[in-house]
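First up is the structure itself, then whatever we jot down about it.
The values are calculated or read from the model by the stated rules, or taken from the named source; none is laboratory data. Here the structure is a predicted model, which is why all the values come from computation and not from measurement. With ideal geometry, Cβ positions are generated from the backbone for all residues, glycine too; neighbour counts draw on all protein chains shown.
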Amino acid sequence: METRKIQEVGGGTFTVSLPKAWTSDHGFEAGMELRLYTHRDGSILIRSSEAEVGWLADATVDLDAGDPDAGDPDGDNHDGDDSDGNNSDGVDPDAGDPEAAARAVRTAHTVGFETITLRRRGAFTEAEREAVRSTVRELVGTDILTESDAEITIGHLLDTSSASVRQSVIQLQYVVVSLLRDAAEAFGDAADTQTRVCDRAAEARRSAEMITRHFSRSLVSYAELDSLGVSRSELFAYYEIATRLETVTEQAVRIATTSEELPEPPSAEAAAAVRAVVDDVARAVDDAVTAVLNGELTTAQQARERSADAIEQIDAVEQRLYEESVSDSVPAAVALSTTLTHLRRAANCSCGIADVAARTAIRAENIDL
């Protein structure tokens, strides 16, 4: 690290000299116009290029990339075709690839681009268009701007300065905890909770994706952090929470659907055991997220202990299952065992969030950010 003194020149202007080797390495020359970006953490960024947020303005995704026929305008690449001209791999070449189109939208949105343009060498199929529309509907603040035969342009319309990542985490926390308890009811054959499980899972994924988007943008843009009003370490902690809560969401959905293939509902004892364990896991998840938000080491330690207690409870039910005192049939025993596996993964996520809380608290107590 080098140090420089601030000097005052005529007119009350302050200057700081730049190291010659550094300016040479980065192509700076005398008389070149530089851009200075000040940030809420007190830092100043010096660049010769446009504002960093411009890097995330537009993205173009070519859906034909990797297509073996993309470079064959005559379409006479016969790899995989039989003698009758039929595609022997069972894929209809006229159907396009709806999953690839949807995946491209979601990926570019998560990276943080404001405008995403999908392109095809030929025309988009109706299946691809519907896949894009469906994906866009699932993304917060996103809409289709323009459509043509070979291009679809999607825009993110929300202003980052109006967003609150902390509030998104709180909302995600509430939804996931409720989702876990709904999943326990669904396991016990409460059919009316299935729709609520699906709706809440979708809501949880939307919140998690928004948090991930902000985090991804912050990796290349200080302006993102300034607009959000958070530090890089805070945003990283929120991203870690969102990632783990997404996993908990997946486990909850699997728990809710585990008993669907059973010939009859699980026994009352098995359903009660699942509800008890889910309640322990849900409280552990809730406490762990709260510990991160509060930034207190004592709360983080308590959340870690509650997570460990939930895992012990899972072990106890599993032991009772092996002793054949919880389920009445082999299919029911398999369903319960599978559910306990999902709950263990959720409890492990709770442990991970509690560890994030401990790191956050220790950092806050020892570093003045």
First in the stretch 333-349 and surrounded by fewer than 18 Cβ atoms within 10 Å (Cβ to Cβ), second anywhere and hydroxyl-bearing (Ser, Thr, Tyr) and modelled with pLDDT of 90 or more, Cβ under 7 Å, 6 or more apart = 345/247
Right, residue 258: farther than 21 Å from residue 178 by Cα, out of contact with any strand residue (DSSP E or B) (no Cβ under 8 Å at 6 or more places or on another chain) and assigned by TED's automatic domain parsing to the domain that holds residue 336 or not?
-> no
Single residue of the stretch 16-45 satisfying the filter (in a strand (DSSP E or B) and exposed (fewer than 11 other Cβ atoms within 10 Å of the Cβ)) that is nearest to the chain's Cα centre (by Cα) = 44
Looking at the stretch 48-59, which of its residues are at pLDDT 75 or above and out of contact with any helix residue (DSSP H, G or I) (no Cβ under 9 Å at 6 or more places or on another chain)?
-> 55, 57, 58
Is it true that some residue in the stretch 316-325 is in the same structural domain as residue 181 (by TED's automatic domain parsing), crowded, with 17+ Cβ neighbours inside 10 Å, at pLDDT 85 or above and among the small types (Gly, Ala, Ser)?
-> no
Would you mention how many residues in the stretch 109-124 are buried (at least 19 other Cβ atoms within 10 Å of the Cβ), hydrophobic (A, V, I, L, M, F, W, C) and not in a loop (DSSP other than H, G, I, E, B)?
-> 2
Residue 127 fails exactly one of (1) of a type in the set (A, V, I, L, M, F, W, C); (2) in a loop (DSSP other than H, G, I, E, B); (3) over 18 Å from residue 59 (Cα atoms), namely (2)
Per-region count, the stretch 125-165, residues under 23 Å from residue 230 (Cα atoms), surrounded by 13 or more Cβ atoms within 10 Å (Cβ to Cβ) and more than 19 Å from the chain's Cα centre (by Cα) | 0
Members of the stretch 221-241 that are in contact with a helix residue (DSSP H, G or I) (Cβ under 6 Å, 6 or more places away or on another chain) and either more than 17 Å from residue 360 (Cβ to Cβ) or not assigned by TED's automatic domain parsing to the domain that holds residue 358 (or both) = 221, 223, 224, 227
All positions within the stretch 139-170 that are without any contact (Cβ under 8 Å) to a residue 24 or more places away in the chain and assigned to a helix (DSSP H, G or I) | 162, 167
For residues in the stretch 242-264 being acidic (Asp, Glu) and either crowded, with 23+ Cβ neighbours inside 10 Å or closer than 21 Å to residue 195 by Cβ (or both), which is modelled with the lowest pLDDT?
-> 261
